[in-house]
Amino acid sequence: MDHMDVVVVGAGVVGLAIAREIALSGKSVLVIEKESSFGMSTSSRNSEVIHAGIYYPQNSLKAKYCVEGNRLLYAYAKERAIPFHPCGKLIVATTEQEREDLDRIWQQGKNNGVFGLHKKTQAQALQIEPELKVVEAIFSETTGVIDSHSLMLSYVGDIENANGMISYRTKFLQARRSSQQGRFSLTLEMDGQTDSTFEFSCDYLINCAGLSAVEIAKKIDGLDTNLIPEPYFIKGNYFSLSGKTPFKHLIYPIPEKAGLGVHLTLDLNGRAKFGPDVEHIEDITEDTIEYAVNPHRINHFEKHIRQYWPSLPNGVLSPDYSGVRPKIKIAGQVWPDFKIDVEEQHHIAGLVNLYGIESPGLTASLAIAKSISQQLEK
């Protein structure tokens, strides 16, 4: 039986960041990924926004790791020449009634220790973005966008340079507690191989499988099923803008219940896209997700965009792409935070389960990785 110190399940941006941090610490690490390459699910279907950490409840994992991760990610991108643009964003109140919501967001950002927040009056906001409908705004100077593919490719290079390995098209079938070499005995399956099933052992098992995290947890022998949350998938659709955008910054409305609202983001070429919206698909499994964007959702998009951009022309939006957020439920209630279970929660030494790693997972990736690596040293 082959053996590694650490096995990470999932080669999304967070799984890769964790594997990178562990490999750089000197441990042998293997990443297993069922797809043919890295980042093919949630990590390649998002806004590529570097978040500041404004919205999340104080002392939540999202707030903690996003604020720290923002700083770490900018430093890493600069060091590795990964394309990014710290364009900043405006969070806009479009009516007098929304001023109170904006004040709460402002206080939340301050409570979370977010750097570079500035209140803007209507006149100041219009000086920054003249096309807006706005009564008051918050400008976040540490919000930006990054080339997520280049980021993940850099993580992969760091893993391989530190003698870590990634095995693609490899499915996780089962993990059992082992009394022999290593704490866990894994059964894996490699697509396209004659003898496709093989055994593997490791001391630490890190489940960072995103949309599959709950299903992977169910395959870990000895893990109390009462501690495994329920998956709750939310689809977010994006529409792109044809032609040149008048905006130079990201524009965010007041958040809605299940997301941050249909906001305007820019890619590194200045191309504008809008989204995500919130489409409930919680009864869908990962294998049956339909990523195509329904063109009939355009009316919903136009309605919400015109709340902050009234002069949006007709006929300039086109269906673009979608992503699915791996939210979770606990005791029937939607869990609002990341959930990272270690031995203290499930009483299994060497096991780490990461659930609900949605936005701001990309921003938080290096901070989460740092924390997980430190857990392994305890």
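Read-outs: derived from the displayed coordinates by stated rules, not from any lab. The structure displayed is predicted, hence computed values, not measured ones. Cβ sites come from the backbone with ideal geometry, for glycine too, and all protein chains shown count toward neighbours.
Note on the chain: Cα-only Rg and Dmax are 21.3, 69 Å. When the chain is modelled as a GNM with alpha-carbon springs shorter than 10 Å, which of 133, 78, 120 fluctuates the most? Taking springs between Cα atoms under 10 Å, the residue moving most is 78. Bridgeable aspartates and glutamates around residue 62 (alpha carbons under 16 Å apart, same-chain partners fewer than 8 residues away excluded): 337, 341, 358. Compared with the alpha-carbon gap, the fully stretched path from residue 2 to residue 128 is longer by 39.5 nm at 0.36 nm per residue. Is the shape of region 198-293 best called rounded, prolate or oblate, per the rule: a/c under 1.5 gives rounded, else a/b larger than b/c gives prolate, else oblate, with a ≥ b ≥ c the square roots of the Cα gyration tensor eigenvalues? The shape class here is prolate. Among 51, 280, 249, the largest mean-square fluctuation in a Gaussian network model of the chain, built with springs joining Cα atoms closer than 10 Å, belongs to 280. Spin-label model, residue 333 to residue 306: label points 7 Å out along the Cα-to-beta-carbon direction sit 3.9 nm apart.
Shown is the FRET efficiency for residue 191 and residue 281, computed with R0 = 35 Å from the Cβ-Cβ distance and rounded to the nearest 0.05: 0.85. Mean-square fluctuations from a GNM of the chain, with a 10 angstrom spring cutoff on Cα atoms, peak among 47, 154, 178 at 178. Between the Cα long axis of helix 148-161 and the first principal axis of the chain there is an angle of about 30°, rounded to the nearest 10. Straight-distance candidates among the lysines for linking to residue 244, with alpha-carbon spacing under 21 Å and chain neighbours fewer than 8 residues away dropped: 89, 133, 273, 303. With respect to the chain, whose longest principal axis is taken over its alpha-carbon atoms, helix 13-24 is tilted by about 50°. Computed about its Cα centre, the charge dipole of the chain is approximately 920 debye, with only Lys, Arg, Asp and Glu carrying charge at their Cβ.
Subtracting the Cα-Cα distance of residue 244 and residue 168 from their residue separation scaled by 0.36 nm leaves 23.4 nm.
Site pair residue 24 and residue 80 shows an inter-label distance of 0.9 nm when each label is modelled 7 Å from Cα along Cα→Cβ.
Each semi-axis of the equivalent ellipsoid for region 276-378 is √(5λ) with λ an eigenvalue of the Cα gyration tensor; in descending order they amount to 37, 17, 12 Å. Grouping the Cα pair distances of region 135-252 into 10 Å bins from zero gives a pair-distance distribution of 9, 25, 28, 20, 12, 6, 0 percent in increasing distance order.
Helix 61-80 and the longest principal axis of the C-alpha atoms of the chain enclose an angle of approximately 90°.
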